[in-house]
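The values are calculated or read from the model by the stated rules, or taken from the named source; none is laboratory data. Being a predicted model, the structure only gives us computed values, none of them experimental. Virtual Cβ from ideal backbone geometry, glycine too; neighbours counted across all protein chains shown.
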Ligand code: GLC
């Protein structure tokens, strides 16, 4: 028996536009420093993005999301923001930003920017002021400063560990300690301080006034904290339930912040959108995604699943259910700037998992000896599966987030020399964790290594491997069998096919084949196994491997439709 799943109904406060653009958008994530370098200094920049506006339009995406491009010392790839209302001079100017927004808007592409509210850079004027002002000052109230323990206060206030490894407290010259849940250079802000709240509202207005359409909220679940003394030890902290009252994570009172932000978003026409990066218990995700809150939340479940029919089906069922609860649409992600690219993940033999359930970002990479050349990595199977998973994802109701370079079928770059690595997770773990640089290597636009594969005249800030040549956009442009052509075709079709948000499962007759129908007879069939699958229809619109005589090969997806598109 087939069951129709309605993801949820669009919110009702948009009388003119019953389905806001973001509900079923394809959003392309740009990591600006690694996208395209227009001024030849080895770092990607804003004019570089503008120069690729036609490429982005040709790809067929609805929006771009820019990872931070703000002034930053780059202690964490730009997620250490020194000034929230400016552009890093190495990446351009506010004028360049406005030109980019115009170029993208002219091509019907919306712009989403990243807001990093949990912490600033230690170079932020506020933190510098806090250091100079000393203990007890109002400037220190904007951050989380505490006295140390031990006889002379030389020990940190607690034994907490930062998420990037190593202690979560750092001592300053006058002896006080500050909390940093991420790198030392990323002091946590104190969200109990009204000035902090007011300043972020100002930032949201600043970018909204410049025409930005939406925001991606970094670490959205950690802003508010209850650090009343005595502070628990890390062992005690781990035992505290995450029920909204945890001292540090996913507190109920964080939603007061987002309720205030919602008023800002809704003061614009059309309302600005937001999506939460919230690593919280599933049952608690809908609150972040509610129309009174941020409006949408990332679901990282596909990104954490193996290429497996059962796992994919469960992820879809569960998340469509959560979307019904929140009234939002679901989000789907296979790759981003924090994880190993999915072409590589799927080519590794059962990568082990992190304790937090994330895919094997680090250990899996140890198996790749040379950027995908190791016998451990089945590069071709990885690519086949990646295409099949992508076409499956793009067939789902809700919005899909793509990460730059995945349209080229790019693999992770595993063999970056230690001396060239940049990610703090590599350094803070003493090199045990290879970190996230491998998915942040500048894109290959052309086949020749001369201009850093077309990235820019000034080389590349992370070394590009020789095999990038075979993945260059230029080489794929006119090749109808390329990954790039597949993405273009799929996105073009999706625009034509996407109507309602229903999904109806169809019994495929095979445990390793998933099949579902969308409104107007659009069908998505994914063969997760290796045995060919007989389709009972011949009307294939697009497929990741060739369908001959109605036979869908293993590790592939096909879209079918009864009506011509
Ligand atoms: C988010 C970002 C990640 C960053 C961290 C700290 O998880 O995605 O790249 O390192 O927040 O800001």
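Scan region 124-162 for residues that are assigned to a loop (DSSP other than H, G, I, E, B) and more than 15 Å from the ligand (Cβ to nearest atom) and report the count.
Step one: filter region 124-162 for residues assigned to a loop (DSSP other than H, G, I, E, B), giving 124, 134-137, 142, 144, 147-148, 150-154, 156-160, 162.
Cutting the leftovers down to more than 15 Å from the ligand (Cβ to nearest atom) gives us 134-137, 142, 144, 147-148, 150-154, 156-160.
Qualifying residue count, region 124-162: 18.
When region 272-288 is filtered for residues that are surrounded by fewer than 21 Cβ atoms within 10 Å (Cβ to Cβ), more than 16 Å from the ligand (Cβ to nearest atom) and outside any helix (DSSP H, G or I), only 281 remains.
Of the residues that sit in region 224-246 and are closer than 18 Å to residue 141 by Cα and touching a helix residue (DSSP H, G or I) at 6+ places or on another chain (Cβ under 9 Å), which one is surrounded by the most Cβ atoms within 10 Å (Cβ to Cβ)? So that I can check it myself, show each step before the final result.
Pass one, region 224-246, residues closer than 18 Å to residue 141 by Cα: 224-229, 231.
Filter once more, keeping what is touching a helix residue (DSSP H, G or I) at 6+ places or on another chain (Cβ under 9 Å): 224, 231.
Numbers: 224: 20, 231: 17.
Top of the filtered list is 224.
Would you confirm, using the coordinates I've provided, whether residue 431 is under 22 Å from residue 183 (Cβ atoms) and in contact with a helix residue (DSSP H, G or I) (Cβ under 6 Å, 6 or more places away or on another chain)? Write out each step before concluding.
Numbers: under 22 Å from residue 183 (Cβ atoms): yes; in contact with a helix residue (DSSP H, G or I) (Cβ under 6 Å, 6 or more places away or on another chain): no.
Spelling it out, it is not the case that residue 431 is under 22 Å from residue 183 (Cβ atoms) and in contact with a helix residue (DSSP H, G or I) (Cβ under 6 Å, 6 or more places away or on another chain).
Is it the case that residue 458 is in a loop (DSSP other than H, G, I, E, B), away from the ligand (no atom under 16 Å from the Cβ), at positive phi and surrounded by fewer than 24 Cβ atoms within 10 Å (Cβ to Cβ)?
no
Is it true that residue 165 is within 16 Å of the ligand (Cβ to nearest atom) and touching a helix residue (DSSP H, G or I) at 6+ places or on another chain (Cβ under 7 Å)?
Working: within 16 Å of the ligand (Cβ to nearest atom): yes; touching a helix residue (DSSP H, G or I) at 6+ places or on another chain (Cβ under 7 Å): yes.
Here the answer is yes, as residue 165 does meet what is asked.
Do you know which of the residues in region 168-190 that are in a loop (DSSP other than H, G, I, E, B) and more than 15 Å from the ligand (Cβ to nearest atom) is surrounded by the fewest Cβ atoms within 10 Å (Cβ to Cβ)? If you could, list the steps in order and put the result at the bottom.
Taking region 168-190 first, the residues in a loop (DSSP other than H, G, I, E, B) are 168, 172-176, 180-187, 190.
After this cut, where a residue has to be more than 15 Å from the ligand (Cβ to nearest atom) as well, the list is 172-176, 190.
Details: 172: 17, 173: 7, 174: 9, 175: 12, 176: 21, 190: 19.
Step by step, filter region 168-190, then rank; the result is 173.
Residue 341 satisfies every condition listed in (1) within 27 Å of residue 116 (Cα to Cα); (2) in contact with a helix residue (DSSP H, G or I) (Cβ under 6 Å, 6 or more places away or on another chain); (3) buried (at least 19 other Cβ atoms within 10 Å of the Cβ); (4) at pLDDT 95 or above except (4). Screening residue 72 on (1) within 16 Å of the ligand (Cβ to nearest atom); (2) farther than 30 Å from residue 172 by Cβ shows it passes everything except condition (2). Scanning region 35-68 for residues that are within 14 Å of the ligand (Cβ to nearest atom) and outside any strand (DSSP E or B) yields a total of 2. In the set (1) outside any loop (DSSP other than H, G, I, E, B); (2) within 16 Å of the ligand (Cβ to nearest atom), residue 104 fails one condition alone, (2).
Scan region 123-136 and report the pairs whose first residue is on the phi > 0 side of the Ramachandran plot and whose second residue is not in a helix (DSSP H, G or I), with Cβ atoms within less than 7 Å and a gap of 6+ or a chain change. Between residues of region 123-136 that are on the phi > 0 side of the Ramachandran plot and residues that are not in a helix (DSSP H, G or I), the close pairs are 134/174.
Taking the listed residues 220, 235, the one that is outside any loop (DSSP other than H, G, I, E, B), within 20 Å of residue 168 (Cα to Cα) and at pLDDT 95 or above is 235, with no other qualifying.
Residue count for region 243-282 under the criterion of being modelled with pLDDT under 95 and more than 27 Å from residue 62 (Cβ to Cβ): the result is 1.
Only one entry of 489, 518 meets the criterion of being crowded, with 20+ Cβ neighbours inside 10 Å and at pLDDT 95 or above, and that entry is 518.
In region 31-47, the residues that are at positive phi form no Cβ pair under 9 Å with any partner that is part of a loop (DSSP other than H, G, I, E, B) and at pLDDT below 95, whether six or more places apart or across chains. Being assigned to a loop (DSSP other than H, G, I, E, B), closer than 17 Å to residue 146 by Cβ and more than 24 Å from the chain's Cα centre (by Cα) holds for only one residue in 226, 243, and it is 226. Of all the numbered requirements in (1) exposed (fewer than 14 other Cβ atoms within 10 Å of the Cβ); (2) farther than 16 Å from residue 149 by Cα, residue 210 misses one, and that requirement is (1). Taking only region 461-489 into account, find how many residues are over 24 Å from the mean Cα position of the chain (by Cα) and not in a loop (DSSP other than H, G, I, E, B). Number of matching residues: 8. Scanning region 87-99 for any residue that is buried (at least 23 other Cβ atoms within 10 Å of the Cβ) and farther than 30 Å from residue 420 by Cβ turns up nothing.
Residue-by-condition table, conditions (1) under 22 Å from residue 271 (Cβ atoms); (2) touching a helix residue (DSSP H, G or I) at 6+ places or on another chain (Cβ under 8 Å); (3) within 16 Å of the ligand (Cβ to nearest atom); (4) modelled with pLDDT under 95:
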{"residue": "78", "(1), (2), (3), (4)": "no, yes, yes, no"}
{"residue": "86", "(1), (2), (3), (4)": "no, yes, no, no"}
{"residue": "89", "(1), (2), (3), (4)": "no, no, no, no"}
{"residue": "114", "(1), (2), (3), (4)": "yes, no, yes, no"}
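Summed over region 428-453, the residues that are at positive phi and surrounded by fewer than 21 Cβ atoms within 10 Å (Cβ to Cβ) give a count of 2.
Kindly check whether there is at least one residue in region 428-443 that is modelled with pLDDT of 95 or more, away from the ligand (no atom under 16 Å from the Cβ) and closer than 21 Å to residue 59 by Cα. Among the residues of region 428-443, at least one is modelled with pLDDT of 95 or more, away from the ligand (no atom under 16 Å from the Cβ) and closer than 21 Å to residue 59 by Cα, which makes the answer yes.
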